[in-house]
Amino acid sequence: EVKLQQSGDELVRPGASVKMSCKASGYTFTDYAMHWVKQSPGQGLEWIGTIIPLIDTTSYNQKFKGKATLTADKSSNTAYMELSRLTSEDSAVYYCARGGTIAAISTAFDYWGQGVMVTVSS
Amino acid sequence: DIQMTQSPSSLPASLGDRVTITCRASQDIGNYLRWFQQKPGKSPRLMIYGATNLANGVPSRFSGSRSGSDYSLTINSLESEDMAIYYCLQHNEYPFTFGSGTKLEIK
């Protein structure tokens, strides 16, 4: 059974950084990309970026360049996203979602993590 | 960026109704279009991929279609469990972009 288990909710101070994880199981981690998606309170969905764990290649939405950093640890089948210089605009739920294979990176979105709620507050 | 114009934003409907939600792409995206269902407090669920293909486990009352740059999600014989927010996603070109969502609710 494919599962993406994300880390717990975070309460962080403005200006700080936060790093969240997405542990994959039930499939070969390096065979698929991993997408990250933001959902602001009561709002829609925004694609943040995608990482290909096999070759450590990333693609970012220009809007999130400098804000989000995607990494992956092949030894633990875990993808990470770090958000820096947090402001109230970064308060949201962040999801990881399985991407496609090397031949079709942009596809999939077939399995999603449960989401991490990040609250930025002093 | 490719804009996905989704309509309507809200759709009151009765159980048993047939409903259709539409996304219009501002540029050619081929069939790189997916539909998701999201219920309150839950992660999105993939419903349709490749514009017209039913994802695993999705009831056959759901269907997707394409007419030019217009992509539609149709639900036949609406059931109570279908009440949710539906989003389209284009993944033809970076940055991938979602529609603004359609809230399907009981009339």
Item to check | the stretch B:22-34: number of residues that are within 14 Å of another protein chain (Cβ to nearest Cβ) and either outside any loop (DSSP other than H, G, I, E, B) or surrounded by fewer than 12 Cβ atoms within 10 Å (Cβ to Cβ) (or both) | outcome: 3
Item to check | Filter result (of a type outside the set (A, V, I, L, M) and under 15 Å from A:Gly49 (Cα atoms)) within the stretch A:91-112 | outcome: A:Tyr94, A:Tyr95, A:Cys96, A:Arg98, A:Gly99, A:Gly100, A:Ser106, A:Thr107, A:Phe109, A:Trp112
Checklist entry - On the given criteria, is A:Ser76 open to solvent by less than 60 Å² (accessible area, probe 1.4 Å) and either outside any strand (DSSP E or B) or among the acidic types (Asp, Glu) (or both)? => result yes
Checklist entry - Residue check, A:Thr69 against (1) outside any strand (DSSP E or B); (2) more than 20 Å from A:Gln114 (Cβ to Cβ), all met but one. Which one? => result (1)
Checklist outcome for this item: Scanning the stretch B:35-50 for residues that are assigned to a loop (DSSP other than H, G, I, E, B) and either within 26 Å of A:Ala92 (Cα to Cα) or open to solvent by 60 Å² or more (accessible area, probe 1.4 Å) (or both) gives B:Lys39, B:Pro40, B:Gly41, B:Lys42, B:Ser43, B:Pro44
Checklist entry - Checking A:Thr107 against (1) open to solvent by 20 Å² or more (accessible area, probe 1.4 Å); (2) within 14 Å of chain B (Cβ to nearest Cβ); (3) at pLDDT 95 or above, which test does it fail? => result (3)
Item to check | Of all residues making up the stretch A:28-70, the number that are more than 14 Å from chain B (Cβ to nearest Cβ), surrounded by fewer than 20 Cβ atoms within 10 Å (Cβ to Cβ) and not acidic (Asp, Glu) | outcome: 6
Checklist entry - Residues in the stretch B:60-72: is at least one surrounded by fewer than 19 Cβ atoms within 10 Å (Cβ to Cβ) and within 30 Å of A:Val116 (Cβ to Cβ)? => result yes
Checklist outcome for this item: Of (1) away from every other protein chain (no Cβ under 11 Å); (2) touching a residue at least 12 places away in the same chain (Cβ under 8 Å); (3) closer than 20 Å to A:Ala108 by Cα, B:Gly16 satisfies every one except (3)
Checklist entry - In the stretch B:76-97, what residues are free of Cβ contacts under 8 Å to residues at least 40 places away in the same chain, at the interface with another protein chain (Cβ under 7 Å from one of its Cβ atoms) and open to solvent by 10 Å² or more (accessible area, probe 1.4 Å)? => result B:Tyr94
Checklist entry - Can you tell me which residues in the stretch A:46-76 are of a type in the set (A, V, I, L, M) and either more than 30 Å from B:Lys103 (Cβ to Cβ) or without any contact (Cβ under 8 Å) to a residue 40 or more places away in the chain (or both)? => result A:Ile51, A:Ile52, A:Leu54, A:Ile55, A:Ala68, A:Leu70, A:Ala72
Checklist outcome for this item: Of the candidates A:Val93, A:Val120, the one satisfying the condition of being buried (at least 20 other Cβ atoms within 10 Å of the Cβ) and at the interface with chain B (Cβ under 10 Å from one of its Cβ atoms) is A:Val93
Checklist outcome for this item: Residue hits (the stretch B:1-49; among the basic types (Lys, Arg) and closer than 21 Å to B:Tyr94 by Cβ) are B:Arg24, B:Arg34
Next on the checklist: Checking A:Thr107 against (1) part of a strand (DSSP E or B); (2) among the β-branched types (Val, Ile, Thr); (3) closer than 24 Å to B:Gln38 by Cα, only one condition comes out false. Which one?
Outcome noted: (1)
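The values are calculated or read from the model by the stated rules, or taken from the named source; none is laboratory data. If you're wondering where the values come from, they're calculated on a predicted model, not measured in any experiment. All Cβ positions, glycine included, derive from the backbone under ideal geometry; neighbour counts span all protein chains shown. Accessible surface is based on the protein model in full, side chains and every heavy atom, while ligands, DNA and RNA are left aside. Shrake-Rupley method; radii C 1.70, N 1.55, O 1.52, S 1.80 Å.
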